[in-house]
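K.L.:
Here it is: the structure, laid out below.
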Amino acid sequence: MGINKINIEQFLELAKQHPVIDVRSPGEYKHAHIPGAHSLPLFSDEERKIVGTAYKQESREAAIKIGLDFFGPKMKKMVEEVERIIGNEETHLPVANCLLTHCWRGGMRSAAVAWLLDLYGFKVYTLIGGYKKFRNHVLEVFKGSYSFNILGGYTGSGKTELLKALKEKGETIIDLEDIAKHKGSAFGNIGMPAQPTQEMFENILSCELRAISCEQNAGSSKAPFRGLGGIWLEDESQRIGHVNIPNELWKTMRQSPIYFLDIPFEERLKHITEEYGNLDKQRVIDAIGRIKEKLGGLDAKTAIQLLEEGNTIESFRILLKYYDKFYLKALHNREGLNSLLHSIDCKSVTPENTSQLVPYFCHQYQTS
């Protein structure tokens, strides 16, 4: 059939319809990969190390011969694994037995696997420049021009729930906390899966942004709910757990309008107690210990003691007051806040606050 070498834009478009095969080592894939790609390593981590050492210390030819020793016994299993991957694809493939493959630089590893799969009868596309070219693309995506609406509010305002409600109404959102697998505070990793690496976080985020841009450029329209349009994001610190929002994107977020949900303290305290009250008590205590210095020794001690006594709501009252001060400082630590900040009075924490937002946004849009 012949092997087709394609650029990153063509590769990502075809990846919407066909499986992507990542032939890098398991360690490389585990660290970060193109979202949705299947791991089919040509070499194990140890084999890759041996081949690389031979390349550096002996010659290209010596490395290739060693690589062939590793590759030969795997050929049949690799073909069978690709058949399984294609057979299990949920989407209807317009071209049967069609796939995309890549390695780190688009060199010998992907060329070897592409040769094998082409020989067997698959229609194969390889990425020019490999995963490294994809990473360059990722970083370029963050430099794009985006229209963001930032959903703000103190801790316990139900911003994440409201973000999901906006999505159900047809608005375009990006859930940064879901991508980061962290809720953004010292308690944000409790009950959550392991966070992705920084590189993987960026990969997923860039793919979401690219998908939104492609949809908008195609003129797609969703529900008639739209107020200001654009992309909805929750107001976050740049650091979410141990991953960071890329600098270029962070700058854009900090210059975007903020729609602040002004919800009474007691309502937020009730909500946060319901959300975090059933978490592992020891992990919550450990989290309080991590912010002891910022919280203050006495307040930290009191919050832990109340928690141990089962008085969760009063323990969380201390913590919520701390996070209110923390958020207020971060909110005001940006240029042009007066022109960016729009405060919206809400009586309680509920996804139905979307109904509060729509007329407000429409009014702002018509009078701005």
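K.L.:
Quick check for me: using +1 on Lys/Arg Cβ and -1 on Asp/Glu Cβ, what's the dipole size of the range 145-367 about its Cα centre, in debye to the nearest 20?
P.N.:
With only Lys, Arg, Asp and Glu charged at Cβ, the dipole is about 320 debye.
K.L.:
Also, quick follow-up: Suppose the Debye formula is applied to equal point scatterers at every Cα of the range 3-139; what is log10 I(q)/I(0) at q = 0.16 Å⁻¹?
P.N.:
-0.80
K.L.:
What FRET efficiency comes out for the pair residue 10/residue 145, r = Cβ-Cβ distance, R0 = 22 Å, nearest 0.05?
P.N.:
Efficiency for this residue pair is about 0.40.
K.L.:
Taking the Cα centre as origin and putting +1 on Lys and Arg beta-carbons and -1 on Asp and Glu beta-carbons, what dipole magnitude results for the range 169-209, to the nearest 20 debye?
P.N.:
180
K.L.:
At a Förster distance of 45 Å, what's the computed FRET efficiency of residue 57 paired with residue 290, Cβ-Cβ distance as r, to 0.05?
P.N.:
0.45
K.L.:
Between residue 49 and residue 97, what length in nm is gained on full extension when 0.36 nm per residue of separation is reduced by their alpha carbon distance?
P.N.:
14.1 nm
K.L.:
Could you work out the local net charge near residue 303, counting Lys and Arg as +1, Asp and Glu as -1, over the other residues with Cβ closer than 13 Å to its Cβ?
P.N.:
In short, +2.
K.L.:
Between 32, 300, 54, which gets the highest mean-square fluctuation from a Gaussian network model of the chain, Cα cutoff 10 Å?
P.N.:
Looking only at 32, 300, 54, the largest GNM fluctuation is found for 54.
K.L.:
Running a GNM on the chain with Cα contacts under 10 Å, which residue among 302, 172, 197 ends up with the highest mean-square fluctuation?
P.N.:
Most flexible of the set in this elastic network: 302.
K.L.:
From the helices alone, meaning DSSP H stretches of at least four residues, give me the mean residue ellipticity at 222 nm for the chain, per-run term -39500 (n - 2.57), in deg cm²/dmol to the nearest 500.
P.N.:
So the helix-based figure for the chain works out to -16000 deg cm²/dmol.
K.L.:
So which aspartates and glutamates can residue 325 reach, going by Cα to Cα under 20 Å and dropping same-chain residues fewer than 8 places off?
P.N.:
Leaving aside aspartates and glutamates fewer than 8 places away in the same chain, those within reach of residue 325 are 234, 235, 236, 262, 266, 267, 293, 299, 314, 335, 345.
K.L.:
While we're here: Can you give me the distance in nm between label points at residue 199 and residue 333, each placed 7 Å from the Cα along the Cα-to-Cβ direction?
P.N.:
For residue 199 paired with residue 333, the spin-label model returns 3.0 nm.
K.L.:
Could you list which residues have their amide H under 5 Å from that of residue 153, counting only those 5 or more apart in sequence or on another chain, with H placed in the peptide plane?
P.N.:
Under 5 Å from the amide H of residue 153 lie the amide H atoms of 261, each far enough along the sequence or on another chain.
K.L.:
Output the relative contact order of the chain, whole-number percent, from Cα pairs under 8 angstrom with separation of 6+ residues.
P.N.:
Worked out over the chain, it gives 19 percent.
K.L.:
Sticking with this structure for a sec: Check every DSSP H run in the chain and write down those whose alpha carbon atoms cover 24 angstrom or more along the long axis and whose mean Kyte-Doolittle hydropathy is -1.0 or greater.
P.N.:
The qualifying helices are 198-217, 312-332.
K.L.:
Match the structure shown to one of the listed values [x] 18.8, 55; [y] 25.0, 72; [z] 20.9, 62 of Rg and Dmax of the Cα atoms in Å, computed from it, and give that label.
P.N.:
[y]
K.L.:
Modelled label-to-label distance, residue 168 and residue 128, 7 Å Cα→beta-carbon offset: nm?
P.N.:
4.7
K.L.:
Work out, step by step, the length gained on full extension between residue 341 and residue 190: first 0.36 nm times the residue separation, then minus their alpha carbon distance; give nm to one decimal.
P.N.:
Contour length minus the Cα-Cα distance gives 51.3 nm.
Here, each number is a calculation from the coordinates, and none is a lab measurement. Values in this document were obtained by computation on a predicted structure and should not be read as measured data. With ideal geometry, Cβ positions are generated from the backbone for all residues, glycine too; neighbour counts draw on all protein chains shown.
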